[in-house]
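Novice: Take a look at the following structure, please.
The values are calculated or read from the model by the stated rules, or taken from the named source; none is laboratory data. These numbers come from a predicted model, not from an experiment. We place every Cβ from the backbone using ideal geometry, glycine too, and count neighbours over all the protein chains shown. Just so you know, the surface numbers come from the protein's heavy atoms only, side chains and all, with ligands and any DNA or RNA stripped out. Shrake-Rupley method; radii C 1.70, N 1.55, O 1.52, S 1.80 Å.
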Amino acid sequence: MSTKSPTEADILRPVNNVSKQYFILFGLCTLAFGAFLVGWMYQLAEGMAVTGLSDWGSGGGVTWGLYIGAFIWWVGIAHGGIILSAAVRLLGMDRYMPVARLAELLTIAGLSAAGFYILVHMGRPDRMVTSVLGHYHITVNNSPLVWDVTVITAYFVLTATYLALTLRYDITRLRDDLPGYFSPVYDVLTLGYTEDEDEVVERMVWWLALAIIIMAPLLLHGGVIPWLFAVLPGMPAWFSAVQGPQFLTIALTSAISGVIIVAYAFRRAYDWDHIMTDDVFRGLLLWLGFFCLLFLWLQLQQNVVGLFAAPVSTAVAQEATITHPIYITAMVLVFATLVYIFAQTIRPSLFTKGRALVASFAVLFATLIEKLIFVVEGFLHPEFEIYAATPGAYFPSAIELLSLLGTIGMVTLIFLVVSKVVPVVELHAVEHLRGDHGHGHEETDETATEPEVKA
Amino acid sequence: MSTDDESFHPLGQEWETELEGMLDETEYDSDLGMQMAQDAMRVTKGELSEAEFHEKYHDDVMDEFGVDDRPTEAAYDQAQEESSGAMGRMLSAFDGDGEESRRDVMKKMGVGAAAVGLGAWGTVDDSQPSLGISQEGDNDEGDGDFQWGMAIDLERCDGCLSCVEACAEENNLDQGVNWMYVLEYDEPRAGTPETSRNRLVRPCQHCTDAPCEKVCPTTARHTRDSDGLVLTDYDVCIGCRYCQVACPYGVNYFQWDEPDITTDEIAEQADDMGMDGDHMVDERERWVDSRAPRGTMSKCTMCPTRQDGLSGDDRVGTTACQEACPPDAINFGNMHDETSDPQVYASNPSRGRTLSLLSVGEEFAESLEEDLDGEDDDLESVLEATDLDEDTLGLLLATEITAESEMGAGDGTIADYEQDVMSTLEVLSDHGLDLESEEVLSELGLADAPDPEEDGLGDEDENGDDEEEENGDDENGDDEEEAETDSFIQDDEDEEEDDEDDEEEDEDEFDGPDVEAAQNLLEAFAGVPSSNFRLLEDMGTNPNVIYLGNEPGPNAEQREPTGTGVDYENISYQRADGERVELVDNRKDVLDEKTVGDTGLNLGGW
């Protein structure tokens, strides 16, 4: 555990330095994102026949596939930002302050990827504005997809506002050390700043955080996104009241995992051991464990209800799900992660940041394939499951698979770019760490995290 | 002729009631005159075309005056020519189209045209709903009184895929885009005979509470106010495919790539066929018909171009699949009208089947008249002189006896059959055969046998009566029947109970035909469907397709190969570019060709 004191120079390091690794990573991400853009252009030119999708029914395929699965996954990851920010701002969990802004950026980047997937998924993305906005006043009354667009947009706007407001404080104070070529950006971001506003902004941010923390779990991943599926009686694999809570737990596990990975990367790249301490990772890991537990518990609910004495169609769908290798893999990964996390709380020596990273990747992978199979399974076993001679067949095409690489590249690029423009660790966090708040002591860990979990 | 015709006129009963006290009831010509005058007014308002007007009354005027020289003749002839030329291209689709086409063609174009097997272009009565529709469509605020829908008799489906083919051809669909789909399934449910041909005919259900419409983020998927059709506005759809996800029936087909047939080709084809529009834009100027453009959703439309009268008024109330169905398994019409084909058929499927199976054509009545010329008017002589046998005559009478609404009052195929049955029976009555008499009815198994003593007087005595007297009797008989048509049903049960007692006491009074016996006759002949259901009714979608027979259970599974009576790949259809392509039962086979990096892996198979 580092004992050196965090400084402004620490958090300015990403902005003012570039390395070979940075350029390599930047190049790789550009390549991935660019390759998918080319794939998407090809899809636009040729039509969506380039995907592995088809019509369910006599079309022998599935209508929604990886694009929608990945869309849900990214929205889930985007939750990380708000969970952390909320923990810091609303619940006073200051220990996570150093990773709060990274988490907020993850929200922005994750939502961007999700929004991009909506476009990629459309047959006529050019009509998004005219067709959707043009009839919004009618469709918002009944279409879950419009609810979705509404809530995601609101979430994005709120988070962006939140981020913009908190950046003003930092940029104003660090302006002299920030690169001059971005001056116009800083000018815009700090337009009309006065020190008097700090207090006001603080309060605004608190209310924003409150609004988002209510909206995100209750309306977004515990609401409109699962409702896309849960409200459709024609698809017994989806039609269930447990989808809301289930989606939320899946989202939260992937969100925490995302934050762990991003934090780990920045800590390693910029020697931020003394800022993003092991303590932060331990805390995050515990949260991850808690959400994994909820995740598995809700899966259990659905399986028991779906397998015990369910209506024929539900039983068929659930049986197909629980015996599917992808579903089993996902559950095993999450369960293994849960076991590890609980084990390391009992025996702290089992904790390493590397293992935390592995656990995070495992959960992210598990949630991705779980979402994929969730979407696909609905079409494979509909209520009207008579089309046995034209059964649903699907495997993502090369372009669809490329979209995963592309959006991961895109999200990484957002981090790479933003970290060159603004500090990705709050000045508040440095100030806070420099104060006499003792952190990084093993003994305090468990006692500190337990109440948080309950909260 | 006059009075006999009156009761059999398609609108006679209704108008008689409405105009009671205004008209001399016994004078047919005043009735016809009133009606023609009304419709003539509509012609002047532009609600009814000259051709339609001419066609509508052509038969009646011919009957009444023996010649039809009305000034509308030219328009009528022109319309006839147009429809025959325009449809020539699609003739092959309707080869062997069965009685319906022959009947109608005979009616309208004579034997020469029949030889080329022209499809079943509606009839005189088909023009009626078009007026209603176009009027409602104009202001686009339906009162909910109109809802196109179908009654599909699954036990009559022989799996020939004519409907699938006709639909693909009509709409220029890509291969595998089977808006209409027929599948054969195995039913693991105990007690189901293994040999039974379980077939499901699956068009869009045009649900009253369509989930696809509800979830659409753009209102592209909508219900047309005027007639309840659930359609996709191809100009608005963003291709999110949520409608397909929400539909419990799997009737949607996304246009994953550029469609094979261009809009220019479709428009040109529509032009060649003499359509008023381009077969894509409906009466509200929204692009909802024919195959979808790339990136939008499509499904069975129930042919809005036809319903809007843009394919000619005689095709209003028809769909491509319904026209093409040889056994009349598909009955299309207004679900809110109890005299419509689907409602008449579904309310008594055995009767509907009988009408279809007998397929009495109008020409039959004519030939009957010739056959009967100079023959005696007792049952035996009549049967001997004509192609009719006792069974057939019994069935014809049974369809009349069991009619729940006025025979021929509707405007579809079934109504046409009813009309022709009535014409046939009328010829027999005119000839002197008393179809209301106890003797004849009992002979045909439609009434209890009369007492032997009375019977002794027998046929001969009555036969001895001269023609005029017979006609006189007949007239009375008809009037009675009119009065009793409704009471047949209501009195059904009473009649049974009373029968025995009454006969003893009141030997002279004959209660009329036995409705139950008539129904039994129909059921024995055509069978009774094992069920009457709507698909997935518990989904709350309120589908507008009624199915008769073959209700698939929850474990029913489509059988391999998908082709039912015939394999999909053995059927080809011609599209606007003139080329013929085969039907494809599984669209994935077609789409996989364009998939980039198709690994052959399948998550569904793991």
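Novice: Leaving out ligands, DNA and RNA but keeping every protein chain, what accessible area does A:Trp147 have, in Å² rounded to the nearest 10, with a 1.4 Å probe?
Specialist: 70
Novice: Mind jotting down the distance between the C-alpha centroids of the stretch A:148-183 and the stretch B:239-277, whole Å?
Specialist: That distance is 46 Å.
Novice: How many Cβ atoms of partner chains, on average, are near each residue of B:293-305 if near means within 10 Å of its Cβ?
Specialist: Mean shielding by partner chains, rounded to a whole number: 2.
Novice: Is the shape of the stretch A:142-233 rounded, prolate or oblate, going by the alpha carbon gyration tensor and its root eigenvalues a ≥ b ≥ c, with a/c under 1.5 for rounded and a/b larger than b/c for prolate? It would help to have the intermediate numbers written out before the result.
Specialist: Numbers: a/c = 4.12, a/b = 2.45, b/c = 1.68.
Because a/c hits 1.5 or more and a/b exceeds b/c, the stretch A:142-233 counts as prolate.
Novice: If you take the square roots of the eigenvalues of the alpha-carbon gyration tensor of the stretch A:65-198 and sort them as a ≥ b ≥ c, do you get rounded (a/c under 1.5), prolate (a/b over b/c) or oblate?
Specialist: Because a/c hits 1.5 or more and a/b exceeds b/c, the stretch A:65-198 counts as prolate.
Novice: Also, I was wondering about something else. Between B:Glu366 and B:Asn520, what's the calculated FRET efficiency when r is the beta-carbon distance and R0 is 25 Å? Round to 0.05.
Specialist: 0.20
Novice: Would you please put A:123-130, A:359-366, A:76-83 in order of how densely packed they are, using the mean number of other Cβ atoms within 10 angstrom per residue and starting with the highest?
Specialist: Averaged packing, sorted descending, gives the order A:76-83, A:359-366, A:123-130.
Novice: May I ask for the distance between the Cα centers of the stretch A:239-306 and the stretch B:513-562, given as a whole number of Å?
Specialist: The stretch A:239-306 and the stretch B:513-562 have Cα centres separated by 53 Å.
Novice: Treating the beta-carbon of each Lys and Arg as +1 and of each Asp and Glu as -1, no other charges, what is the dipole magnitude of chain A about its Cα centre, to the nearest 20 debye?
Specialist: 720
Novice: Continuing with this model, one more query. Which order do B:Val528, B:Val584 take when ranked by solvent-accessible area (1.4 Å probe, heavy atoms of all protein chains), largest first?
Specialist: B:Val528, B:Val584
Novice: Assuming 0.36 nm per residue, please report the length gained on full extension of the stretch A:Phe342 to A:Leu119 beyond their Cα-Cα distance. Provide the component values of the computation, followed by the final result.
Specialist: On the way: separation 223, 0.36 × 223 = 80.28 nm, distance 4.03 nm.
Residue separation times 0.36 nm, minus the Cα-Cα distance, leaves 76.3 nm.
Novice: Still on this structure, please answer the following. How big is the dipole moment of the stretch B:346-436 about its Cα centre under a simple scheme where the beta carbon of each Lys and Arg is +1, that of each Asp and Glu is -1, and everything else is neutral? Debye, nearest 20, please.
Specialist: So the dipole magnitude of the stretch B:346-436 works out to roughly 780 debye.
Novice: For the stretch A:8-433, calculate the relative contact order in percent as a whole number, restricting contacts to Cα pairs under 8 Å that are 6 or more residues apart.
Specialist: Taking the mean separation of contacting Cα pairs over the length of the stretch A:8-433, I get 34 percent.
Novice: Give the average, rounded to an integer, of partner chain Cβ atoms located within 10 angstrom of each Cβ in B:530-538.
Specialist: For peptide B:530-538, the averaged partner shielding equals 1.
Novice: Let me make sure I get this right: for the stretch A:244-339, a, b and c are the square roots of the gyration tensor eigenvalues over alpha carbons, sorted descending. Under 1.5 in a/c it's rounded, otherwise prolate if a/b > b/c, else oblate. Which is it?
Specialist: prolate
Novice: Between beta-carbons, use under 11 Å as the cut-off and find the net charge around B:Arg559, counting Lys and Arg +1, Asp and Glu -1.
Specialist: The answer is -3.
Novice: Using only atoms on other chains, find how many Cβ atoms lie within 10 Å of each Cβ of peptide B:175-181 and report the average.
Specialist: Numbers: counts 0, 6, 3, 5, 1, 0, 5.
Taking the mean over all residues of the peptide, I get 3.
Novice: Ordering A:Arg168, A:Arg268, B:Arg351 by accessible area with a probe of 1.4 Å, largest first, what comes out?
Specialist: The ranking, largest first, comes out as A:Arg268, A:Arg168, B:Arg351.
Novice: Taking a 1.4 Å probe, which of A:Phe374, A:Phe156 shows the most accessible area, and what order do the others take after it?
Specialist: The ranking, largest first, comes out as A:Phe156, A:Phe374.
Novice: Using 7 Å Cα-to-Cβ label points, what is the A:Leu307/A:Ala398 separation (nm, one decimal)?
Specialist: Once both label points are built, they end up 3.9 nm from each other.
Novice: Continuing with the same structure: At 1.4 Å probe size, with no ligands or nucleic acids counted, give the accessible surface of B:Glu213 in Å², nearest ten.
Specialist: Per-residue accessible area (B:Glu213): approximately 60 Å².
Novice: With respect to the cross-link table entries A:Lys4/A:Lys353; B:Lys214/B:Lys299; B:Lys299/B:Lys588; A:Lys20/A:Lys371; A:Lys371/B:Lys588, which display a Cα-Cα separation exceeding 25 Å?
Specialist: A:Lys20/A:Lys371
Novice: I would also like to ask the following. Pop out the Kirkwood hydrodynamic radius of the stretch A:8-433 from its pairwise C-alpha distances, inverse of mean 1/r, in Å to one decimal.
Specialist: So the Kirkwood estimate lands at 22.6 Å.
Novice: Once the piece of chain linking B:Gln38 and B:Arg197 is laid out straight, how much longer is it, given 0.36 nm per residue of separation minus the C-alpha distance between them?
Specialist: Working: separation 159, 0.36 × 159 = 57.24 nm, distance 4.98 nm.
Computed gain between B:Gln38 and B:Arg197 is 52.3 nm.
Novice: Let me ask another. Taking 0.36 nm per residue of separation and subtracting the Cα-Cα distance, what length does fully extending A:Val129 through A:Val185 add?
Specialist: Length gained between A:Val129 and A:Val185: 17.4 nm.
Novice: Which value in nm describes the separation of the simple spin-label points at A:Asn16 and A:Val242, placed 7 Å from the Cα toward the beta carbon?
Specialist: For the pair A:Asn16/A:Val242, the computed spacing is 5.5 nm.
Novice: Could you please state, rounded to a whole Å, how far the C-alpha centre of the stretch A:72-118 is from the C-alpha centre of the stretch A:24-44?
Specialist: One Cα centre to the other: 25 Å.
Novice: Further question on the same structure: With point charges of +1 on the Cβ of Lys and Arg and -1 on the Cβ of Asp and Glu, referenced to the Cα centre of the stretch A:8-433, which listed residue (A:Phe182, A:Asn303, A:Leu119) lies farthest in the positive direction of the dipole?
Specialist: Of the listed residues, the answer is A:Asn303.
Novice: Could you compute the net charge surrounding A:Ile72? Neighbours are other residues with a C-beta less than 15 Å from the C-beta of A:Ile72; K and R count +1, D and E count -1. Can you show the working numbers first?
Specialist: Working: positive: A:Lys371; negative: A:Asp148, A:Glu370, A:Glu377, A:Glu400.
Net charge around A:Ile72: -3.
Novice: Here's something else I'd like to know. Could you compute the FRET efficiency for A:Met204 and B:Asp276, with r as their C-beta to C-beta distance and R0 at 45 Å, rounded to 0.05?
Specialist: Plugging the Cβ-Cβ distance into 1/(1 + (r/R0)^6) gives 0.15.
Novice: Grab the other residues whose beta carbon is less than 10 angstrom from that of A:His432, score K and R as +1, D and E as -1, and report the net.
Specialist: Cβ neighbours under 10 Å give a net charge of -1.
Novice: Give the calculated FRET efficiency between A:Met41 and B:Ser347 to the nearest 0.05, with a Förster radius of 45 Å applied to their Cβ-Cβ distance.
Specialist: The pair A:Met41/B:Ser347 has a calculated efficiency of 0.20.
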